[in-house]
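The values are calculated or read from the model by the stated rules, or taken from the named source; none is laboratory data. Computed from a predicted structure; not experimentally measured. Every residue, glycine as well, gets a Cβ built from its backbone with ideal geometry; the counts of neighbours run over all protein chains shown. Only protein heavy atoms, including side chains, enter the accessible area calculation; ligands, DNA and RNA are left aside. Shrake-Rupley method; radii C 1.70, N 1.55, O 1.52, S 1.80 Å.
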Amino acid sequence: MAKKQLEKLNALDVVKYNFTAIVIAGLGFFTDAYDLLCISLVTKLLGRIYYHVDGSPTPGSLPPQVSAAVNGVAFCGTLSGHLFFGWLGDKLDRKKVYGMTFMLMVICSVCSGLSFGHTSKGVMTTLCFFRFWLGFGIGVDYPLSATIMSEFANEKIRGAFMAAVFAMQGFGILAGGMVAIAVSAAFKNHFPAPAYAVDPIASTVPEADYVWRIIVMVGAVPAALTYYWRMKMPETAPYTVLITKIAKKSAFDKYKVLQMEIKEEPEKIVRMIRNKANSFGLFSKEFMRRHGLHLVGTATTWFLLDIAFYSQNLFQKDIFSAIGWIPKGATMNALEEVFRIALAQTLIALCGIVPGYWLTVALIDFIGRFTIQMLGFGMMTLFMLGLAIPYTYWTTPGHHIGFVIMYGFTFFFANFGPNSTTFIVPAEIFPARLRSTCHGISAASGKLGAVIGSFGFLYLAQNPDPAKADHGYPPGIGVRNSLFLLAGCNLVGMLLTFLVPEFKGKSLEEISGENDKEL
């Protein structure tokens, strides 16, 4: 059957997309990554400030329940936001939902840094409260940014544009480390202090309380700068035509993005709108027949990927401490510890995370989503086994640099791999009226994995010897066995990738099957 596609749905095949849209959407992911992961830079500082124990040979640390809440509560909010805003993006216009949450992110970033009160209970409670709602606001970006970019972009380079938007996450992670380095270095130089082993009280200067607050609040800046431009973005044509059924407005919105004239095609519009074969709902048998396995594939692969990815991101500091790359806390003052943690995470972001993202941008439309995802999961499995099997060797003096290089490669292949593709594929494979909802479900599955990773790794990575476990934690299975577990997650993710076929070079209507049957 000859393909019958609306001119306004594939006019971008001959017109290059306005790169301003990539910057606008990308700054959202820059902000998301900064806000979600900057907390890992300051959790040890929070423990020193608010949970100091007189006479303890080691600096104060967050109790297990508090640490789990501080690290994971934003992911719980994001999971809720993915589901809610993904559904809302298919019910209201995408543009309206896209812009409405940015002020929530700005307010909650600032309030997270203010975290009212000076007692440990008051500060941690308000910090967790505002980080939950910060995560809820962040939840809009995944389904809406992916959907908007997929519906605007040229099918021949759609993957690269979507990957470029998502790649801004790498710069957000990098920016978090750089901000923490700059702030901690400035305070360290102005307020010198002895190491904890020399003077436990003086090692944490009162001004250290400003450091973590500044680092957290800086996340409001890119969100505030982007708000105006998000509200100026037009609605996408597939949503306007196929969901709201207003063809003339669709052509006008496309014109604003493309700066070109697009002719109306009322007869084709009527045929596509009246096509009963395309009217099935999310819980229908027809959806399960066409896209049931696709949704299982996008959701499970994202779930497994995020268990590994966010476990690694949030607890790099613990892994680096375990292998001795970051000195023991007692040998440093509070600000020196923040500086060293930030420096280590920035180096990993610069050498492993950012290059992986941008190699995906360069190659995704040439080698395809399936190949990149399979390669990424496979190489992550191999490198984690390469860390876990000779773990004793890596932890001996003189071998730490080798461990860090191997560890960096796991991040490289996460981002030149499933961390990028699991974001892109759900925005391409489902029909327009369910695209945002299905992407939200897939992203929420990912955040469920992040919650499991962020809560579970705290306990699992503890030393099996109770005497060597962190204060307040029960013994776990250790870093080595945790790496084996994460390698297993990646291996299963590679196998489940077979549920998601390759669709590079095809239009969204061809991929979703909306042109298969027409009256």
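A few comments on the model shown:
- Beta carbons closer than 7 Å, at least 6 apart along the sequence or on distinct chains, pair a first residue in segment 377-395 that is within 26 Å of T421 (Cα to Cα) with a second that is of a type in the set (S, T, Y) and open to solvent by less than 40 Å² (accessible area, probe 1.4 Å) for F377/T497; M380/T410; F383/T410; M384/T410; L387/Y407.
- Qualifying residue in segment 361-376 (condition: among the hydroxyl-bearing types (S, T, Y) and touching a Gly at 6+ places or on another chain (Cβ under 9 Å)): no
- Any hit, segment 143-151, residues being among the aliphatic types (A, V, I, L, M), at negative phi, at pLDDT 90 or above and not in a loop (DSSP other than H, G, I, E, B): no
- Exactly one residue out of M380, M406 is touching a Ser or Thr at 6+ places or on another chain (Cβ under 9 Å) and either surrounded by 23 or more Cβ atoms within 10 Å (Cβ to Cβ) or in a helix (DSSP H, G or I) (or both), and it is M380.
- The helices (runs of 4 or more DSSP H) falling completely within segment 425-519 that include 3 or more residues that are under 20 Å from the mean Cα position of the chain (by Cα) map to 426-429, 432-460, 478-496.
- Among residues of segment 80-91, those that are modelled with pLDDT of 80 or more, open to solvent by less than 40 Å² (accessible area, probe 1.4 Å) and either touching a Cys at 6+ places or on another chain (Cβ under 7 Å) or among the hydrophobic types (A, V, I, L, M, F, W, C) (or both), counted: 1
- For segment 182-199, the set of residues classified as surrounded by 13 or more Cβ atoms within 10 Å (Cβ to Cβ) and either in contact with a strand residue (DSSP E or B) (Cβ under 9 Å, 6 or more places away or on another chain) or without any contact (Cβ under 8 Å) to a residue 12 or more places away in the chain (or both) consists of A182, A186, listed by residue number.
- Looking across segment 458-497, the residues that are among the aliphatic types (A, V, I, L, M) and open to solvent by less than 60 Å² (accessible area, probe 1.4 Å) come down to L458, A461, A469, V479, L483, L486, A487, M494, L496.
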